[in-house]
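Any read-out appearing in this document is the output of simple, stated calculations on the displayed coordinates, not a laboratory observation. Predicted, not measured: the structure shown is a model, and the values here were computed from it. Cβ sites come from the backbone with ideal geometry, for glycine too, and all protein chains shown count toward neighbours.
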């Protein structure tokens, strides 16, 4: 593959992966967990600070999402500052990572910044569509985590 065509592949992959992340987050903000599940591969693996262990497979992740998150979120909007997408040399895998800043209601009719997150997701091109094959969410400089490191 020449440099020009690889650059084009990387650009298209980056656009597709970031569009997928924004679409997932737009639906998630409204408590709709299916936006994420529809983007996940059947064999997706998943971690976040609330999981006891790695979840394996879309079915297990779906059960977790429905128990803990479906219909329970109230995120007004979010921002993905500094996203980075790294595309494999073969053009069939991509890693995206970004900080997620959620804007939530402040309880008085206004808005405030919610808990900030770090996200790393691995995408694989499967049958012509970019699918999430691994997800890892972590807190960004969470006070409890910082305190735990200091004691």
Inset, instruction - Pop a pseudo-label 7 angstrom from the Cα along the beta-carbon direction at both residue 111 and residue 82 and give the gap in nm to one decimal. - result: 2.2 nm
Legend entry - Percent RCO, i.e. relative contact order, over region 51-111, from Cα pairs under 8 Å lying at least 6 residues apart: 29 percent
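Just want the ordering: 126, 9, from fewest to most Cβ atoms lying within 10 Å of their own Cβ. Walk me through the intermediate numbers first.
Working: 126 13, 9 18.
Taking fewest neighbouring Cβ atoms as first place, the list is 126, 9.
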Legend entry - On Cα atoms only, tilt of 58-68 relative to the major axis of the chain in degrees: 20 degrees
Inset, instruction - Place a label point 7 angstrom from the Cα of residue 5 along the Cα-to-Cβ direction, then list the residues of region 78-110 whose backbone nitrogen is under 20 Å away. - result: 87-94
Inset, instruction - Fewest Cβ neighbours within 10 Å first, please rank 12, 50 accordingly. - result: 50, 12
Inset, instruction - Using only Cα atoms, tell me the angle between helix 3-28 and the longest principal axis of the chain; keep it within 0 to 90° and round to the nearest 10. - result: 30 degrees
Legend entry - Overall dimensions of the chain by Cα: Rg and Dmax, Å: 16.6, 56
Legend entry - Which of 131, 22 has the fewest Cβ neighbours within 10 Å, and the rest in rising order: 22, 131
